[in-house]
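Enquirer: Let me begin by handing over the structure; questions about it come next.
Just so you know, all these numbers are worked out from the coordinates, no wet-lab data involved. Just so it is clear, the structure is predicted and the values come from calculations on it, not from any experiment. Here the Cβ positions follow ideal geometry from the backbone for every residue, glycine too, while neighbour counts run over all protein chains shown.
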Amino acid sequence: TVSRVLNRHPYVSEDKRAAVLDAVRKLDYVQNLNAVHLIKGKTSMIAVVLPYVDNPYLSSPVEGILSEANRRGYRVVLCQTNYRPEEELKVLEMLRMKQVDGVIITSRTNDWDVIKPFLAYGPIVVCEDAGDEPLSCAYIDHYRSFETGLRYLTAQGHRHIACCIGRRNSNTSLARERAVREALAAVQEPLRPEWIFYDALSMEA
């Protein structure tokens, strides 16, 4: 009966529930969540991997993750990597050690071959096109998005177009740069390397 009350089981009479909760208050009882997680086989926690917690681009997706996780009874741990592969690996080890139930990687630093073995321990979602890799993904088509914006700008007669992107060799940055190059080539304009700003990860940059 005590276990049912503490776990909010519906099939407990109100007088018994009240008696148990009264005893809990008097004894200042606190559930051992580690024991609860062990019994249930889940932690109800999700790790979200971020390059920087103050990245303005990721604030909206993270807000959505937090809102949906809360609605479904999950807690979220934000893990900052500073784009260091070893920090990302530490979070994946949390999945292997059953400290979290799943991992969402908003911006990846490790190769797919490093990440894929951890799928044996729980779900991993990446915020980029995973191609043929066996990972769930949710992402923006950065090439098409940039292409649409650039097409609008060139149609308005603009030709001196600069571009702020992230890491120089990331898939996202390469897709954005390709869109800029092709859009300018379509209007017979050269791509000026000095107008491509890499590592523009903040408003100040």
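Enquirer: What range in the chain is the longest one free of chymotrypsin sites (Phe, Trp or Tyr not before Pro) that are in a loop by DSSP and have at most 16 other Cβ atoms within 10 angstrom? Don't skip to the answer; put the middle values down first.
Expert: Numbers: sites that count: Tyr11, Tyr29, Tyr52, Tyr139, Tyr198.
It works out to 53-138.
Enquirer: Continuing with the same structure: Would you work out which of Gln188, Pro51, Gly73 lies farthest towards the positive end of the dipole of the chain, given +1 charges on the beta-carbon of Lys and Arg and -1 on that of Asp and Glu, about the Cα centre?
Expert: With unit charges placed on the Cβ atoms, the residue in question is Gly73.
Enquirer: Next up: What's the extension gain from Glu182 to Ala200 if we count 0.36 nm per residue and subtract their Cα-Cα distance? Numbers along the way, then the final one.
Expert: Working: separation 18, 0.36 × 18 = 6.48 nm, distance 2.13 nm.
The span from Glu182 to Ala200 would gain 4.4 nm if fully extended.
Enquirer: Taking loop as defined by DSSP and a crowding limit of 10 other beta carbons within 10 Å, which GluC sites (Glu not before Pro) in segment 103-205 fit? Before the final figure, lay out each step's value.
Expert: Working: sites: Glu128, Glu147, Glu177, Glu182, Glu194, Glu204; in loops: Glu128, Glu204.
Those satisfying the criteria are Glu204.
Enquirer: Identify the residues of segment 59-95 with backbone N under 20 Å of a label point that sits 7 angstrom from the Cα of Leu153 along the Cα-to-Cβ direction, or state none.
Expert: none
Enquirer: Okay, next question. Given points 7 Å out from each Cα along the Cα-Cβ axis, report the Asp132 to Leu89 separation in nanometres with one decimal.
Expert: 2.7 nm
Enquirer: Kindly express, to the nearest 10 degrees and within the range 0 to 90, the angle between helix 14-27's C-alpha long axis and the longest C-alpha principal axis of the chain.
Expert: Tilt relative to the chain: about 80 degrees.
Enquirer: Once you keep just the Cα pairs under 8 angstrom separated by 6 or more residues, what percentage relative contact order results for the chain? It would help to have the intermediate numbers written out before the result.
Expert: Values: 242 pairs, mean separation 29.1, N = 205.
Here the relative contact order equals 14 percent.
Enquirer: Let's test the formula: R0 of 35 Å, r as the Cβ-Cβ distance of Arg192 and Val77. What FRET efficiency results, to the nearest 0.05?
Expert: Values: r = 42 Å, r/R0 = 1.21.
Taking R0 as 35 Å, the efficiency between Arg192 and Val77 is 0.25.
Enquirer: For the Cα atoms of the chain, what angle does the longest principal axis make with the long axis of helix 171-186, in degrees from 0 to 90, nearest 10?
Expert: 30 degrees
Enquirer: Assign unit charges at the C-beta atoms only (+1 for Lys and Arg, -1 for Asp and Glu), then state the dipole size of the chain relative to its Cα centre in Debye, rounded to the nearest 20. Walk me through the numbers on the way to the answer.
Expert: Values: 26 positive and 26 negative charges, 159 e Å.
I would put it at about 760 debye.
Enquirer: Continuing with the same structure: What translational D, rounded to a whole number of µm²/s, comes out for the chain from Stokes-Einstein when the hydrodynamic radius is the Kirkwood one over Cα pairs, at 20 °C and 1.002 mPa s? It would help to have the intermediate numbers written out before the result.
Expert: Details: Rh = 20.5 Å.
For the chosen part, D equals 105 µm²/s.
Enquirer: What does the charge dipole of segment 142-197 about its Cα centre add up to, to the nearest 20 debye, if the Cβ of each Lys and Arg holds +1 and the Cβ of each Asp and Glu holds -1? Present the calculation step by step, with values, prior to reporting the outcome.
Expert: Details: 9 positive and 5 negative charges, 28 e Å.
So the magnitude is around 140 debye.
Enquirer: Please compute the modelled spin-label separation between Ser60 and Ala120, points set 7 Å along Cα→Cβ, answer in nm with one decimal.
Expert: The two pseudo-label positions are separated by 3.9 nm.
Enquirer: Another one. Hey, for a label at Lys42 modelled as a point 7 Å past Cα toward Cβ, could you say which residues of segment 101-137 have their backbone N under 11 Å away?
Expert: Label zone hits: 101-102.
Enquirer: Order of His160, His142 from fewest to most other C-beta atoms within 10 Å? If you can, show how the numbers build up before the last one.
Expert: Numbers: His160 9, His142 21.
By the 10 Å Cβ count, ascending, the order reads His160, His142.
Enquirer: Starting from the Cα of Ile140, step 7 Å along the direction of its Cβ; do the same at Arg168; then give the gap between the two resulting points in nm.
Expert: Each label point lies 7 Å from its Cα, and together they span 2.4 nm.
Enquirer: Related question: Between Ile104 and residues 5 or more places away or on another chain, which pairs have amide H atoms under 5 Å apart, with H built 1.01 Å from N, and which residues are they?
Expert: Ala47, Val48, Val49, Val125
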